1. Return the subset of Lys48/Lys79; Lys48/Lys117; Lys79/Lys100; Lys117/Lys137 for which the Cα-Cα distance in this structure is over 32 Å, preserving the input order.
2. Going by C-beta contacts inside 10 Å, put His82, His38 in order with the fewest on the left.
3. Which far-off residues, 5 or more places away or on another chain, put their amide H under 5 Å from the one on Leu118, with H placed in the peptide plane?
4. In nm, what is the difference between 0.36 nm times the number of residues separating Glu160 and Leu135 and their Cα-Cα distance?
5. For Arg74 and Glu59, calculate 0.36 nm times their separation in residues minus their Cα-Cα distance, and state this gained length in nm to one decimal.
6. Along each of its three principal axes, how wide is the spread of alpha-carbon positions in segment 51-102, in whole angstrom units, largest first?
7. Hey, what do the phi angles of segment 50-59 turn into as Karplus ³J(HN,Hα) couplings, whole Hz, using 6.51/-1.76/1.60 and θ = phi - 60°, x for Gly and Pro?
8. For Val42, enumerate residues with amide H under 5 Å from its amide H, sequence gap 5+ or separate chain, H modeled in the peptide plane.
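Please treat every number below as a calculation from the coordinates, not as lab data. It should be emphasised that the depicted structure is a prediction, and the values quoted were computed from it without experimental measurement. Note: ideal-geometry Cβ built from the backbone for every residue, glycine included; neighbour counts use all protein chains shown.
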Amino acid sequence: MLRLPAVLLLTLGLTACGSSTRDLEEPTEPLGDFGLGHIGVVAPNLQKLLISREATADEWTETVEAAFATRFKRFEGEKYYHFGISAEAYSLPPPIVPGKSALALNVTVWDDAAQAKLNETPEQIQVIKVFESRLTKSREDQMKGLAEEAARLTEVWLREMQESDGWFGGASPERVDGPAEGQDASAAEKIVVPAGVAQTMRAAAARPDMR
């Protein structure tokens with residue numbers, strides 16, 4: 001099984017992501033009966049990959065929580081659903097140094113009324129940005145952009161599950177598009193995460209503040 005650094009080194013052919021928040025300026029297409037409950041973000045096994053600026057677990061949990069809140073608070077469904085999120089790995093290359101910004105999350109969705117997970121196995125969400133201009137971007141800018149794209153890809157996944165598995169009351173008339181403009185579809189492929197991730201995520205999601 002390939003570990004995270006090896007997997008990222010195999011993705012040098014990916015193209016850069018487009019804007020992750022452009023769609024938030026458009027009218028909101030309902031996500032069935034989805035209403036945002038709680039967002040719980042943890043980072044107990046966070047890995048820094050390749051040549052990267054430092055970012056603490058607390059910084060990542062705050063940044064990811066803010067991005068998910070911004071994206072999902074706009075839905076006004078009549079049932080509450082909670083997110084249990086584990087930040088697993090990141091890369092924040094400094095300016096000029098060759099490399100790519102990346103973020104890997106594991107996401108679990110909870111149905112508040114049923115007091116149960118919708119997905120027993122955490123969904124792996126990865127964002128990889130290649131050839132982006134980092135000359136004018138601060139470390140915080142990189143983190144914010146990665147977290148926003150991760151939230152967008154999570155919405156794409158939720159809409160796919162709504163259509164295929166009947167989440168949130170079934171399919172909507174329209175769905176969110178796939179990868180952002182300029183992003184190769186392979187950027188949404190799953191990455192291999194270290195052993196024990198599923199156990200960590202289940203333990204985090206079982207905390208009292210996620211019920």
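1. On the way: Lys48/Lys79 37 Å; Lys48/Lys117 29 Å; Lys79/Lys100 38 Å; Lys117/Lys137 37 Å.
Beyond 32 Å: Lys48/Lys79; Lys79/Lys100; Lys117/Lys137.
2. Values: His82 19, His38 15.
Ordered by Cβ neighbours within 10 Å, fewest first: His38, His82.
3. Val109, Trp110, Asp111
4. Numbers: separation 25, 0.36 × 25 = 9.00 nm, distance 3.59 nm.
Full extension from Glu160 to Leu135 adds 5.4 nm.
5. On the way: separation 15, 0.36 × 15 = 5.40 nm, distance 2.38 nm.
Computed gain between Arg74 and Glu59 is 3.0 nm.
6. Sorted from largest, the Cα extents of segment 51-102 read 48, 18, 13 Å.
7. 6, 8, 9, 5, 7, 8, 7, 4, 5, 5
8. Ile85, Ser86, Ala87
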